[in-house]
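Structure first, then comments.
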Amino acid sequence: MKLLSRLLNWYFSRTALPYWCILLIDYAIIIFSGFLGYYLFNDLGNLVNNFWLILRDICILLIPYTISFRLLHTYSGIFRYSSFVDLGRIAFAMILGSVIAFLVYLPFPSKENTFLKHPTLLVLILLFATSFMCAIRVIVKMMYDSFRNDGLSKRIFIFGTQNGGISLAKSIRNETLKRYTIKGFVSPDANMKGKWLMGTPVWGEDENIVEIMQKRRANILMVSPLQTAHFREQDAFINDLIAANIKIMMMPFSEEEWDGKSELRYSQLHEVDIEDLLPRDKIEVDMLAIGRQLNANRVLITGAAGSIGNEMVNQVARFEPKEMILIDQAETPMHDVRRMMASKYPNIRCHTIVASITNKTFMEEIFHRFRPEYVFHAAAYKHVPMMEDNPAMAVQNNVYGTRIIADLSVKYGTKKFVMISTDKAVNPTNVMGCSKRICEIYCQSLNNAIEEMKQYKNAEEIKENNTTYCSLLQANGSLPCTQFVTTRFGNVLGSNGSVIPIFREQIAKGGPVTVTHPDIIRYFMLIPEACKLVLEAGTMGKGGEIFVFDMGKPVRIATLAQRMITLSGATGCKIEFTGLRDGEKLYEEVLNDAEHTLPTVHPKIMVAKVREYDYEQARLNEERLLEASYTYDDMAIVKIMKEIVPEFKSRQSKYEVLD
């Protein structure tokens, strides 16, 4: 067997079979086919008696066949990479050669010419030679696929059949350097179970795949892009694979999904990160409707250098707005945003502005100068422990900053204001979540006030009847037109300071991986998916809605940490439970207990029915809270926050004494 393996490896090397050898093999096949055809028309005795005459005629026939081979390059291919296209080219070359031979011999009949006595012999040569040439190429390719070994070949299974699995298998088998050997397919389709695909058995996903892979010494599972969503839902199977040290290869979660038609190469897959294995549903949005609203309009995005804001910049830019105004107080990240926009979207007028949204005079100058038609407000302090220790900053940045941007949007005629909130605003247990809930209250009450102002005909009538609303008139004295929409969602994968990058850093250092509580769970969503839903919600919103997103299945953080440790291959890295942090919940809610949701046209977006507040009261509450924030008295600030949001109940926090 070792001798056979060495012989095959030599034969399948790049330089083992020159082109002239292929031509000689084809010549030999034609000569053999000629003798075989003659034998079928005569007996063996005639064949022996006329051997040299027959050989002469066949050699003469090689001339037209050589011409057709040259024209169609049949001997320029490589046997081991033969395809149906190559086989078709051989058949056409043989037909062309036979036609040339017949036309050349036809005007010169001769009794000595063996083949002209029976012109049908040309047809037999055509059939036999074509069959033998194709057969030898198919056999060599099969031997190449079955026996060649470059010393680096790894045994794999492919999860998924149909287009995705077959495309992966073809990509693997067509590689010059054979890195992988396919030992089996796994199919979610019960009808495929027990069948063979491309000469390889197909197993059902209900079988013990890990044990089967171990018996066949396969240690890699490649997942078809068309089966990734289904595969992620197989928690037990994934855990068994990881425990058995079987590598999983998938399309990166950040990649666009494969369309099922374009060329798919196995090199597009990579060894999974934990993000690839988190269960999530495919999210589709009406990109045309979004494009109709944003195209050729001026769009302002706050927090443009943050995780969400930066992705919002990318997605909005694709719709080619007339102008983009990007604001963030982080100078270096904003420099990166500026470079990205100049590189990817050079045709869009873009203004990258380093500023804090709490700088009211500068924000007014920006609105006065650019007059944005759409505002996406993503700027906020978001880290729960930091805001628990710094409630004054949570109020001044999150609450007051939002109020400044919202009021200026009304004053300068912005069509739509979309605020990005958080699931931590529901039944808040921490300062950060409560600050975002206060932002929601203000924006919704502001929208309601604008709706109430529609009962008045003009600004003069408002000034006579309701002085409270005078401050809401546009700078030119017109009635306000801004629609306020709020979106809530949970944790996003890969955001700055999120749990996955922290765990990855801890594992790299050898541990321990710190988890606050063994039962803590969280919802996760990809940043691009979350931003698409924000755009969709902003498009469908008519004003005053608080949209909540279906975040899919919750993930137990301890399980997440263990998977990351196992995937990394780290040994001796342990999980350490540190206890809940100040203001931290075991699980996040998306809706208040007293709230309910209404469906929308999008299955992943719902409208939360929440308690609504009077605009004047919301404004006075914010002013009182802002004034308290400048005392920097944590207890006094949080006490007012709890008065504004009665459902705010602190947990694991010094503020529990105020409840």
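Bear in mind these aren't lab numbers, they're just calculated from the coordinates by the rules spelled out. From a predicted model like this one, the values you see are computed outputs, not experimental measurements. Please note: Cβ atoms are built from the backbone with ideal geometry, for glycine as well, and neighbour counts cover all protein chains shown.
Results, tabulated for the structure shown:
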{"read-out": "Cα centroid of segment 295-344 to Cα centroid of segment 500-554, whole Å", "value": "21"}
{"read-out": "Sequence ranges 543-552, 453-462, ranked by mean other-Cβ count within 10 angstrom, highest first", "value": "543-552, 453-462"}
{"read-out": "Ordering of 520-530, 482-492 by packing [mean C-beta count within 10 Å, highest first]", "value": "482-492, 520-530"}
{"read-out": "Straight-distance crosslink candidates among lysines, where the alpha carbon sits under 23 Å from Lys215 and sequence neighbours closer than 8 are dropped", "value": "Lys2, Lys154, Lys178, Lys183, Lys193, Lys195, Lys247"}
{"read-out": "Amide H partners (placed H, <5 Å) of Arg349, local residues excluded", "value": "Met324"}
{"read-out": "All lysines inside 20 Å of Lys509 as judged from Cα atoms, apart from same-chain residues fewer than 8 positions distant", "value": "Lys574"}
{"read-out": "For segment 487-579, convex hull of alpha carbons as volume per residue, Å³", "value": "107"}
{"read-out": "Options Gly538, Ile520, Phe549, ranked by Cα towards positive dipole end of segment 514-569, top entry (Cβ charges)", "value": "Ile520"}
{"read-out": "Surrounding net charge for Lys649, when Lys and Arg each add one and Asp and Glu each subtract one, Cβ distance under 10 Å", "value": "-1"}
{"read-out": "Packing rank of 621-628, 505-512, where each peptide gets the mean count of other beta carbons within 10 Å, highest leading", "value": "621-628, 505-512"}
{"read-out": "Distance between segment 160-203 and segment 402-441 - C-alpha centres, whole angstrom", "value": "51"}
{"read-out": "Net charge over other residues, Cβ less than 15 angstrom from the Cβ of Val515 (K, R count +1; D, E count -1)", "value": "+3"}
